[in-house]
Amino acid sequence: MNTTQAVQYIQMAFDHIDLRITRWMARYSLSVLRFALGVIFIWFGVLKYFPGLSPAEELVRNTIYFFDPDLVIPILATWEVLIGIGFLSGFFTSKLQRVTILLLFMQMIGAGLPLIMLPEVVWTNFPLVLTLEGQYIIKNLVIIGSALVIGATVRGGKVDPEPGK
């Protein structure tokens with residue numbers, strides 16, 4: 001076997017392995033994404049039921065000062081738990097996924113409010129340097145992106161590891 005043949009063999013082996021991994025990811029990625037979002041929302045929501053446990057509690061209290069936080073926080077907790085349950089049980093119905101994603105996007109509007117209402121809490125140097133609270137909020141962009149990917153499949157769309165084949 002000469003060098004050219006060896007390189008071709010290695011490339012073929014790599015392509016074979018890459019295709020198997022890509023097919024596996026296409027098969028399971030949406031389920032993993034739904035599961036991960038479900039766990040995140042249930043976990044963060046449940047923490048809000050117990051005063052002092054949620055790292056976001058103070059941020060929520062300071063953002064919604066125009067409402068009674070002791071009333072709003074349990075509502076927010078329930079909302080987040082429902083989103084989580086929707087993602088976990090949404091494996092079965094696309095209608096439930098649509099409602100879950102709508103609830104998520106509505107919740108994300110509220111979650112982003114501190115960026116505007118509490119700039120001194122989320123920025124140390126606007127617009128580049130975030131505080132820990134700011135980072136906590138900005139990570140929601142990944143959650144929004146994940147919801148968009150799931151939402152793109154509610155009509156039966158799939159992740160295709162080999163488009164055009």
Quiz prompt | Cut-off under 5 Å, modelled amide H: who pairs with residue 123 long-range | solution = 131
Quiz prompt | Hypothetical label at residue 148: residues of segment 96-138 whose amide nitrogen lies under 20 Å (7 Å Cα-Cβ projection) | solution = 97-113, 115, 135-138
Exercise. Would you mind calculating the relative contact order of the chain from Cα pairs under 8 angstrom and at least 6 residues apart, reporting the percent as a whole number?
Key: 25
Quiz item: Given R₀ = 45 Å, FRET efficiency for residue 7-residue 155 by Cβ-Cβ distance, to 0.05?
Solution: 0.55
Exercise. Can you tell me the order of 39-48, 134-143 when each peptide is scored by its average per-residue count of other Cβ atoms within 10 angstrom, highest first?
Key: 39-48, 134-143
Practice problem: Could you work out the per residue convex hull volume over the alpha carbons of the chain, in cubic angstrom? | Solution: 168
Practice problem: Averaging sequence separations of C-alpha pairs under 8 Å and six or more residues apart, then dividing by the length of segment 104-150, give the relative contact order as a whole percent. | Solution: 34
Self-check item: Size of charge dipole - the chain - debye, nearest 20, with Cβ of Lys, Arg +1 and Asp, Glu -1, no other charges
Solution: 780
Quiz item: From the backbone phi of segment 125-136, what are the Karplus-calculated ³J(HN,Hα) couplings (6.51 cos²θ - 1.76 cosθ + 1.60, θ = phi - 60°) in whole Hz, Gly and Pro given as x?
Solution: 8, 5, x, 9, 10, 9, 7, 4, 5, x, 5, 4
Exercise. Figure the gain on full extension for residue 123 and residue 88 (residue separation times 0.36 nm, minus the Cα-Cα span) and round it to one decimal in nm.
Key: 9.2 nm
Self-check item: Peptide ranges 99-108, 11-20 listed from the most packed, as the mean C-beta count within 10 angstrom indicates
Solution: 99-108, 11-20
Practice problem: Show which lysines lie in cross-link reach of residue 48 when reach means a straight Cα distance below 20 angstrom and same-chain residues fewer than eight apart are skipped. | Solution: 139
Exercise. Treating the angle as unsigned and between 0 and 90°, give the value, to the nearest 10°, between the Cα long axis of helix 140-151 and the longest Cα principal axis of the chain.
Key: 60
Self-check item: Candidate lysines for bridging to residue 95, where Cα separation is under 18 Å - those fewer than 8 sequence places away on the same chain excluded
Solution: 158
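Computed from the coordinates by the stated procedures, all read-outs in this text should not be read as laboratory data. What you are looking at is a predicted structure, and each value in this text was computed from that prediction instead of being measured. Reconstructed Cβ throughout: ideal geometry from the backbone, glycine too, with neighbour counts over all protein chains shown.
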